[in-house]
Structures are given as structure tokens and as C-alpha cells.
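Remarks on the structure that follows.
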Amino acid sequence: MTTTGSPASGAAVGFGVLGPVECRDGAGLPVRLGGPRHREVVARLLVARRRVVPVDRLVADLWEEPPPGATGAVRTFVAEVRRALEPGRRPRTPSRLLATEGPGYVLRPAPGAVDAWHFEAEVARAAGLAPAGAAPVLDAALATWRGPAYADFPGARWAHAERARLAELRLHAVERRADALIRSGAPREAVWDLDAHVAEHPWREDGWHLLATALLRSGRQGDALGVLRRARRVLADQLGADPGPGLARLEREVLRQADHPDEAAPATGDEVWSSAAAAYEGSVPARSPARLEATASLLRELAVTGAGGLGAARRHRAAAVAAAERTGDAELAARVIGVYDVPAVWTRVDDTDAARTVVRTAERVLARLPEDAPETVRARLLASVAVESRGDALAEGALPRAADPPGGAREPWRRRAQQAAAEAESAARRLHDASLLAFAMNGTFLQSFAHCGQAARRDATGAELVRLARTHGLLGPEVLGRLIRVQALAGLGDLPGADHQATAADHLADRYERPLARVFTTWYRALRTTLATPADLTATEAAEVTEAAYAEAVALLPTCGMPGVATGLPALTRLAPVVRAGALPAPEAFTEADWGPYDPWVRPLLLLGDARPDEAREALRTAPRPPHDLMAEPMWCLLARAAALAGDPVLAARAAAALGPAEDQQAGAASGLLTFGPVAAYLAEAREAAGG
């Protein structure tokens with residue numbers, strides 16, 4: 001259990017629910033909450049995760065048949081718990097930790113002050129680490145468990161779902177720790193815990209698989225085979241089921257090795273890699289075109305391994321593309337460009353110069369392809385053009401002004417990118433090529449931002465990608481499709497649907513080592529918290545909730561390897577509660593803010609907040625139109641607000657026209673990252689300022 005902050009704010013109080021419910025102050029000393037009912041009130045409020053629980057809900061949860069005076073009893077419990085949690089709070093001073101809001105109460109500990117929340121954050125952090133780094137993190141996280149979650153309320157209905165969720169996450173962490181130990185060359189350390197794990201949870205095939213693998217990697221082939229046969233018996237006896245394909249495949253491999261005892265001991269992944277690399281070096285001549293193709297394929301795989309791999313792949317890809325073009329073999333160059341079908345969910349490229357280089361090379365290669373070149377090769381080049389042209393990556397010089405009417409003729413690169421996406425998708429459907437279709441649909445998604453309010457269209461794209469991927473076993477496209485749906489469903493206000501997609505994406509990311517997906521799902525969950533924040537909070541309270549919700553998400557950015565995502569976002573999360581409240585940003589609150597690429601659209605509001613209306617109007621006059629990407633709607637909302645306040649009817653009318661199709665959505669929620677509140681509010685301001 002961790003505690004932070006000052007006792008006055010309540011942030012110094014830490015809560016433990018991974019075992020019996022307990023509470024400690026900033027010095028680590030126990031806080032006496034009172035009797036079982038007092039602790040149950042605290043536990044029930046913690047399950048709500050900083051959301052208000054109405055008094056009548058508390059009464060129903062605490063008693064199957066509430067006695068007379070139950071409501072008054074709950075109020076008494078809350079008052080006594082408040083005194084225990086904040087003994088130094090002055091009389092009649094509102095509590096910031098256990099607050100009364102509307103029809104009920106809300107408990108707002110700091111994000112890391114609840115052991116269960118800290119455990120979840122550490123498990124998520126471990127997913128982005130290499131095996132050697134993940135194992136100790138998971139070790140420490142698992143050590144926070146003192147018993148079953150909410151152990152002193154085993155029969156409470158309100159705790160069932162949360163207890164089950166945390167128990168499942170703990171089992172997942174046990175298995176991921178074992179996997180990390182095996183992958184980092186310490187399989188013997190994993191065996192004992194896994195043996196106990198499968199004995200207690202015999203239905204978990206991953207546990208059996210990991211135990212057998214750990215034994216095999218420890219040189220205990222006979223024991224590994226015995227475990228696999230025991231798993232077969234247990235699954236048949238308890239579930240009436242045969243082992244899944246993973247266990248069956250491992251059993252065949254162990255049996256094969258048993259039949260050939262003179263063969264070398266089972267090799268680790270690193271040993272296999274080293275052997276294969278040495279064989280490749282010895283077999284494929286230097287300067288062979290095959291090396292370029294192999295390099296491009298390797299870069300594709302490297303890009304999805306995590307931040308370091310993504311950055312390295314980005315750096316080396318342009319060199320591989322240039323080298324392929326220099327060979328003069330157009331088909332080879334096309335294959336080297338087109339094989340890099342790395343799923344892209346963010347609409348701003350990380351390196352615009354590299355993107356332009358790839359697109360220009362692809363266009364030159366397209367023009368030189370022989371007429372009899374395979375259609376799949378041509379279609380992959382077109383898909384590459386669509387994907388690399390996302391946002392305004394190909395814009396030369398300044399973008400058109402936001403106040404100008406839409407001018408597609410001034411942006412030929414956009415028309416070309418949209419055409420390339422359409423042609424690639426059409427070819428893929430005609431050829432019945434699932435992998436190519438997934439790549440082309442990625443381009444279609446990234447070129448779907450010509451207008452605001454397209455979340456439903458993008459959700460349909462994401463749903464088709466998921467179906468396609470599951471039918472054909474395409475991991476990357478399934479993760480991509482689910483992340484697209486997280487964004488789109490959040491924009492449409494379907495939070496349960498977005499939750500489901502985020503959970504599925506996390507499962508895939510953990511199982512198949514796709515750590516970058518966690519960046520987007522962590523940001524979505526922070527967004528979800530702000531969407532569920534009560535509307536009657538003061539601006540200060542809303543800012544506190546937002547800051548707490550985004551603490552983990554912001555912490556992921558410096559090492560995520562995606563500067564196109566990271567730059568400027570932390571400052572925008574601080575601005576969001578201010579603009580949602582209809583206020584102007586106080587200059588002193590943002591003196592050191594890094595707005596990154598969003599500065600042109602934030603600047604007018606900052607100038608208005610600094611009482612510099614003339615400079616604000618000039619900033620509005622020269623502001624470029626927001627890019628055609630996931631952040632277009634929130635940026636148009638900032639322009640709409642500033643234009644209304646500064647008295648700029650021309651820009652207000654332009655903003656109203658741009659935002660009209662998104663009137664029923666939350667500004668920015670379709671990014672899956674943050675929201676400035678209902679688009680309708682900004683639209684009304686813009687229309688009034690425009691005289692409409």
C-alpha cells in the first residue's frame with residue numbers, strides 16, 4: 001500500500017483491499033475505521049473507483065433487508081469514517097477525500113494509494129518491459145496481496161464482480177511472471193510457483209503450458225511430459241475437454257525429443273535466433289537482394305515489439321527503401337516498401353520527413369512497375385501511400401487558414417492518398433487476400449478524417465477488421481481493429497462497448513507481446529474516468545480528478561517511442577477541464593506547458609485568458625485549419641470558443657460548418673485520449689457568434 005501527499009488533502013491515506021480491508025495514514029500507521037459496517041462502507045466506495053455511490057445504493061448493498069433508520073445509519077458511518085480519515089480537518093470544512101456529492105458519497109484516494117489500483121498499474125507497466133525487467137516488477141506487484149480481495153466481505157454481492165476481476169488479474173500476473181522468468185533464462189525459478197498454480201487452478205491451460213515449458217527448459221524432459229499428461233487427465237476429468245492446440249503441440253514436441261534422445265537439448269529462443277542468423281549469414285551472399293527483403297520483414301516485426309523496436313524500425317526503414325530503389329529492380333523495391341504493413345492507429349506520423357520519403361519512393365516505383373507485375377505488389381504500394389500520407393504528413397509549407405473555405409484543390413496530396421486507399425482496398429477484395437485487405441483497410445481508416453463526425457464509419461471499419469483478423473488468424477490487424485473501435489465507440493458514447501474492446505486489446509497485447517497497445521488502452525481508461533466525472537464539480541475539483549486519472553497515462557508517454565502521440569498531450573489534459581467548464585485558461589497555470597503541434601489552436605484562448613484580445617484575434621486570423629486527424633474535432637472546438645469570445649464571425653461560421661456533423665459527440669473522445677466536453681456546446685457558441 002502506498003501513501004502520498006498531505007494529511008489535510010487526504011492523499012496521505014492509503015487503502016488495502018488485497019486481503020482484509022485496511023487503511024493506513026501517511027506514516028504507515030493503521031487507521032481505525034470503526035466496526036465492520038464502517039469498513040464495508042469504505043470498501044463499497046473503493047469498488048466504485050472515485051464515482052459517486054447514492055445513499056440508497058449503499059443501504060441496499062449493506063443490508064439484504066434494511067432495518068428502520070438504515071439511511072441515517074449510513075450517514076453516521078460516513079461521518080465517523082471521515083473523522084478517522086481526516087482527523088485534522090477543521091469543522092464545517094468539506095472533505096476532499098470522502099465527499100458528499102448529489103445523492104451520495106464518493107471516496108477519492110490518490111491513484112497509487114489503493115493497493116489494488118497500484119497492482120493493476122504495475123501489471124500494465126510490466127507488459128511494456130523486456131522479460132528480465134518484467135519479472136521483478138511482477139514479483140513486487142504480487143507481493144502486495146495479503147489474501148483474497150475484500151477478504152472480510154466474502155458474501156457481499158457488491159464485491160463479487162470486482163473480487164473476480166482482481167483474482168483473474170492476479171492469476172494473469174502469476175503466469176506472466178513465470179513467462180518472463182522462462183524467457184529471461186531462469187526457468188527453474190518459475191517451476192515451484194507454477195506447480196502450485198496449476199494445482200490450485202487446474203482449468204488454466206496457460207499454467208500447464210508454462211509449467212511444462214519451464215521443466216523442458218530446465219532439462220527435465222520426463223517431468224515435462226508427465227505434467228502434460230497430468231494436464232490431459234485433469235482437463236478431461238474436471239471439464240470434460242481435451243487439451244487445446246497449444247498444449248497438444250507442446251506434447252508432440254516433447255514426445256518427438258523423447259524419440260530422439262541423441263539430439264541436442266531443447267534450445268532457448270535466443271539460441272535458435274543465433275543459430276538461424278549464423279546460418280543465414282553463411283548461406284545468403286552479401287549484397288543479395290534477398291537480404292533487403294529479409295531486412296524489411298525483420299523491421300516489420302521489430303516495429304511491434306515496443307518503444308525501442310519501433311524507433312529502430314523507423315530509423316532503418318527509410319535506408320532499406322532507398323537501398324532497394326537503387327538496385328533498379330522496381331518489383332524488389334515494391335516488395336521492400338509494401339511488406340512493412342505495421343498496424344497504425346494514430347493519425348499523426350512520428351517522422352514526417354521519413355513518411356514523405358517513403359511515399360515519394362512508392363510513387364516512383366509505381367510508375368516503373370512492369371505491366372505484368374503481380375497485382376498484390378501494386379496494391380501494397382498503394383496501401384503504403386495511404387498509410388504514410390495520414391494526417392498532414394505530405395503538406396508542403398503552411399496549411400490553409402482555418403477561416404478559409406474548404407479547398408481540396410489546394411491539397412492534392414489528400415486526394416491522392418484517399419484514391420490510393422480506395423484502389424488498394426478494391427484490389428484486395430477482388431483478390432480475396434486477407435492480409436492485403438487488412439493493410440488496405442488500415443489506409444482507409446487513416447484517410448477517413450476529411451470531415452468531423454465520422455466515428456460511426458470508423459467503427460464499421462474496425463469491426464470488419466476484427467472479423468477479418470479472427471477468421472484468418474491475423475494478430476496485428478485484430479489489435480488494430482479493436483483499438484479503432486475503442487476510439488470510435490468512445491466518440492459515439494458507447495462506453496461499455498469501448499470497455500469490451502479495450503479489454504480484448506489488452507488480452508491480445510499481453511498474450512502476444514504487443515506492448516504499445518497498452519499505451520492507447522491506458523489513455524482510454526483515463527478518458528473514461530473523465531467522461532464519468534459528475535457534471536457539478538467545480539473547475540478545481542474537475543482538474544484534480546483529471547490529473548489523477550491521467551497520471552498513469554502521461555507517465556507512459558516519454559518511453560512509448562511515438563512522438564507523434566506524445567508531444568503536447570499532457571498539456572491538453574490539463575487544459576481540458578478548464579474549457580469543459582467554459583472558463584478561460586489562466587496564463588500563470590500554463591506558463592511551462594508544451595503544446596507541441598497543438599499550439600496554433602490553443603494560442604488564441606491563452607491570449608484571451610491573458611486579456612490580450614487584439615493578439616487573440618490576430619492569432620485566429622492566421623491559425624491554420626486543424627489537421628485531418630483524430631484531434632481535428634477538439635481543435636475546431638477550441639477555435640469555435642475563441643472565435644465566439646473574440647468576436648470573429650467568419651471563423652465562427654467556418655468552425656460551425658466543420659463541427660456540424662459531430663454535434664452529438666464528445667469533442668475529442670473519438671481520439672480515445674481526452675475530451676473537451678459536448679461538441680454541441682461549442683457549436684452553439686459558434687453559431688451564435690456567426691449570427692446563425
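Set side by side, the residues 669, 662, 644 differ, and just one is among the aliphatic types (A, V, I, L, M) and either more than 29 Å from the chain's Cα centre (by Cα) or open to solvent by 40 Å² or more (accessible area, probe 1.4 Å) (or both), which is 644. Of all residues being charged (D, E, K, R) and open to solvent by less than 40 Å² (accessible area, probe 1.4 Å) in region 389-403, which is modelled with the lowest pLDDT? Just the residue, please. Checking each candidate, the answer is 392. Counting residues in region 92-99 that are farther than 24 Å from residue 551 by Cα, at pLDDT 90 or above and surrounded by fewer than 18 Cβ atoms within 10 Å (Cβ to Cβ) gives zero. Of the helices (runs of 4 or more DSSP H) contained entirely in region 220-312, those carrying at least 1 residues that are modelled with pLDDT of 75 or more, under 30 Å from residue 556 (Cβ atoms) and among the β-branched types (Val, Ile, Thr) fall at 289-302. Of everything in region 446-461 that is without any contact (Cβ under 8 Å) to a residue 60 or more places away in the chain and touching a helix residue (DSSP H, G or I) at 6+ places or on another chain (Cβ under 7 Å), the residue that is least open to solvent (accessible area, probe 1.4 Å) is 448. If you go through region 177-190 one residue at a time, do you hit one that is within 19 Å of residue 20 (Cβ to Cβ) and crowded, with 21+ Cβ neighbours inside 10 Å? Within region 177-190 (the criterion being within 19 Å of residue 20 (Cβ to Cβ) and crowded, with 21+ Cβ neighbours inside 10 Å), the answer is no, since none of the residues qualifies.
Determine whether residue 124 is in contact (Cβ under 8 Å) with a residue 12 or more places away in the chain, hydrophobic (A, V, I, L, M, F, W, C), open to solvent by less than 40 Å² (accessible area, probe 1.4 Å) and under 22 Å from residue 546 (Cα atoms). Yes: the conditions hold for residue 124.
Residues that are closer than 12 Å to residue 445 by Cβ and of a type in the set (A, V, I, L, M, F, W, C) within region 455-470 comprise 455, 460, 463, 465, listed in sequence order. Here's a check for you: in region 13-28, which residue that is assigned to a loop (DSSP other than H, G, I, E, B), at pLDDT 90 or above and of a type outside the set (Gly, Ala, Ser) is surrounded by the fewest Cβ atoms within 10 Å (Cβ to Cβ)? Ranking the qualifying residues of region 13-28, first place goes to 20. Against the test of being of a type in the set (A, V, I, L, M, F, W, C), surrounded by fewer than 20 Cβ atoms within 10 Å (Cβ to Cβ) and out of contact with any His (no Cβ under 6 Å at 6 or more places or on another chain), the options 194, 255 yield a single qualifying residue, 255. A count restricted to region 467-478 and to residues that are within 20 Å of residue 380 (Cα to Cα) and open to solvent by 10 Å² or more (accessible area, probe 1.4 Å) stands at 8. Report, by residue number, each residue of region 563-575 that is open to solvent by 20 Å² or more (accessible area, probe 1.4 Å) and in contact (Cβ under 8 Å) with a residue 40 or more places away in the chain. If the condition is that a residue be open to solvent by 20 Å² or more (accessible area, probe 1.4 Å) and in contact (Cβ under 8 Å) with a residue 40 or more places away in the chain, then 563 is the only one that fits. In region 73-82, is there at least one residue being closer than 20 Å to residue 109 by Cβ, under 36 Å from the mean Cα position of the chain (by Cα) and open to solvent by 10 Å² or more (accessible area, probe 1.4 Å)? Yes, there is a match, as at least one residue in region 73-82 is closer than 20 Å to residue 109 by Cβ, under 36 Å from the mean Cα position of the chain (by Cα) and open to solvent by 10 Å² or more (accessible area, probe 1.4 Å). Against the numbered list (1) more than 30 Å from the chain's Cα centre (by Cα); (2) open to solvent by 40 Å² or more (accessible area, probe 1.4 Å); (3) of a type in the set (A, V, I, L, M), residue 422 comes up short only at (1). With respect to residue 427, is the statement that it is modelled with pLDDT of 95 or more, surrounded by 22 or more Cβ atoms within 10 Å (Cβ to Cβ) and within 24 Å of residue 373 (Cβ to Cβ) true? It is false that residue 427 is modelled with pLDDT of 95 or more, surrounded by 22 or more Cβ atoms within 10 Å (Cβ to Cβ) and within 24 Å of residue 373 (Cβ to Cβ).
Restricting attention to region 482-536, the residues that are more than 23 Å from residue 106 (Cβ to Cβ), surrounded by fewer than 22 Cβ atoms within 10 Å (Cβ to Cβ) and of a type in the set (A, V, I, L, M, F, W, C) total 3. Hey, any hits in region 168-175 for a residue that's in a helix (DSSP H, G or I) and more than 26 Å from the chain's Cα centre (by Cα)? Scanning region 168-175, I find no residue that is in a helix (DSSP H, G or I) and more than 26 Å from the chain's Cα centre (by Cα), so the answer is no.
Scanning region 673-692 for residues that are assigned to a helix (DSSP H, G or I) and open to solvent by 30 Å² or more (accessible area, probe 1.4 Å) yields 680, 681, 684, 685, 687, 688, 689.
Counted as qualifying within region 499-576 are the helices (runs of 4 or more DSSP H) with 2 or more residues that are basic (Lys, Arg), namely 516-531. Right, residue 133: touching a Cys at 6+ places or on another chain (Cβ under 9 Å), within 22 Å of residue 519 (Cβ to Cβ) and either surrounded by fewer than 20 Cβ atoms within 10 Å (Cβ to Cβ) or in contact (Cβ under 8 Å) with a residue 60 or more places away in the chain (or both) or not? No.
Filtering region 451-493 to residues that are farther than 30 Å from residue 637 by Cα and not in a helix (DSSP H, G or I) leaves 473, 474. Looking only at residues of region 576-632 that are within 30 Å of residue 455 (Cα to Cα) and among the charged types (D, E, K, R), we find that the one that is surrounded by the fewest Cβ atoms within 10 Å (Cβ to Cβ) is 594.
Any residue in region 203-216 that is without any contact (Cβ under 8 Å) to a residue 24 or more places away in the chain and among the acidic types (Asp, Glu)? No - not one qualifying residue is present in region 203-216. In region 100-114, the residue that is most open to solvent (accessible area, probe 1.4 Å) out of those that are within 22 Å of residue 536 (Cβ to Cβ) and in contact with an Asp or Glu (Cβ under 9 Å, 6 or more places away or on another chain) is 103. Scanning region 295-320 for residues that are loosely packed, with under 15 Cβ neighbours inside 10 Å and free of Cβ contacts under 8 Å to residues at least 40 places away in the same chain yields 298, 301, 315, 319.
The values are calculated or read from the model by the stated rules, or taken from the named source; none is laboratory data. Bear in mind the structure is a predicted one, so any value in this text is a computation, not a measurement. With ideal geometry, Cβ positions are generated from the backbone for all residues, glycine too; neighbour counts draw on all protein chains shown. What goes into the accessible areas is simple: the full protein's heavy atoms, side chains included, and nothing from ligands, DNA or RNA. Shrake-Rupley method; radii C 1.70, N 1.55, O 1.52, S 1.80 Å.
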